[in-house]
Amino acid sequence: MTKLSIEDLDKRLAILKLSKYPGLLDELAAASDTLHIFRNWTPLKLVALSYVVGPYLRIIGGLEKSKGNVESIYIDLFAGSGINKVEGAESLIAGSPIVAIDCANTSPKKFDKMYFVDLKEENIQALYERLTLLSERDEFSWIGGRCKLIIGDANRAILKIRKELDKIKYKNYLAFIDPYKWELKWKSLEKLLEIPMGMYS
Ligand SMILES: C[S@@+](CC[C@H](N)C(=O)[O-])C[C@H]1O[C@@H](n2cnc3c(N)ncnc32)[C@H](O)[C@@H]1O
């Protein structure tokens, strides 16, 4: 197992601050007045997400090489507006949709589809503005046409997403589930986990 160093944690925080792209975080923040003020554990969840996306996509990419096409899907059921401000701090950090997209940039295999769900229309509208801006940059142009934004309750959205995914034969998904409390019903989680991945002979 690789030993993680404290410098690696710095790298993770740099991902959340989009430090690789000078000025981009402020540009995305300015695309809408909507951003979230969150408690100070929010960056920790996003650091966890940043650890998962790259390795996940590399595994799916490897599977694709040996077995053939596999659609890889990212599902963010409580997506927010794309930009967060941590309570009591001046600085901004990227929200889960943008962290997932940025981490996918490190892998040759990208997400083929991304679903972003939020109950609040203003969050989805702000996220739409931010993803549009992001897709206009060369490094992120691959997201064009791959993002599906859904305004509504995550429990209902799962049914809709499932119906769409049922049409794809070989697929794999990564879901990030980040509610405030208990907004996701157990039955809905079961529906998500039941999505068949397809079988190779
Ligand atoms: C903890 S925040 C998520 C933050 C986001 N993942 C990020 O990194 O910026 C929870 C989000 O869930 C949304 N939400 C609350 N209830 C919901 C529901 N039943 N279905 C979908 N979204 C919901 C809120 O509007 C809020 O944006």
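The values are calculated or read from the model by the stated rules, or taken from the named source; none is laboratory data. It should be emphasised that the depicted structure is a prediction, and the values quoted were computed from it without experimental measurement. A quick note on method: Cβ atoms are made from the backbone with ideal geometry, for glycine too, and the neighbour counts reach across all protein chains shown.
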Condition set more than 22 Å from Ala100 (Cα to Cα) and not in a loop (DSSP other than H, G, I, E, B), scope the range 154-185, selection nearest to the ligand (Cβ to nearest atom): answer is Arg156
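Table: residues versus (1) modelled with pLDDT under 95; (2) more than 20 Å from Ile195 (Cα to Cα); (3) among the basic types (Lys, Arg).
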{"residue": "Arg58", "(1), (2), (3)": "no, yes, yes"}
{"residue": "Leu63", "(1), (2), (3)": "yes, no, no"}
{"residue": "Gly80", "(1), (2), (3)": "no, yes, no"}
{"residue": "Leu92", "(1), (2), (3)": "yes, yes, no"}
{"residue": "Ser96", "(1), (2), (3)": "no, yes, no"}
{"residue": "Lys113", "(1), (2), (3)": "no, no, yes"}
{"residue": "Ala126", "(1), (2), (3)": "no, yes, no"}
The residue that is nearest to Asn155 (Cα to Cα), considering only those in the range 92-120 that are among the basic types (Lys, Arg) and either within 7 Å of the ligand (Cβ to nearest atom) or in a loop (DSSP other than H, G, I, E, B) (or both), is Lys120
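Against the definition (outside any helix (DSSP H, G or I), crowded, with 16+ Cβ neighbours inside 10 Å and not acidic (Asp, Glu)), how does Asn123 come out, yes or no?
Details: outside any helix (DSSP H, G or I): no; crowded, with 16+ Cβ neighbours inside 10 Å: yes; not acidic (Asp, Glu): yes.
Judged against the criteria, Asn123 is not a match.
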Among helices (runs of 4 or more DSSP H) entirely within the range 1-91, at least 3 residues that are among the hydrophobic types (A, V, I, L, M, F, W, C) and touching a Leu at 6+ places or on another chain (Cβ under 9 Å) occur in 24-30, 42-67
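For Ser66, state whether it is within 12 Å of the ligand (Cβ to nearest atom) and hydroxyl-bearing (Ser, Thr, Tyr). If you could, list the steps in order and put the result at the bottom.
Numbers: within 12 Å of the ligand (Cβ to nearest atom): no; hydroxyl-bearing (Ser, Thr, Tyr): yes.
No; evaluated as a whole, the condition is false for this residue.
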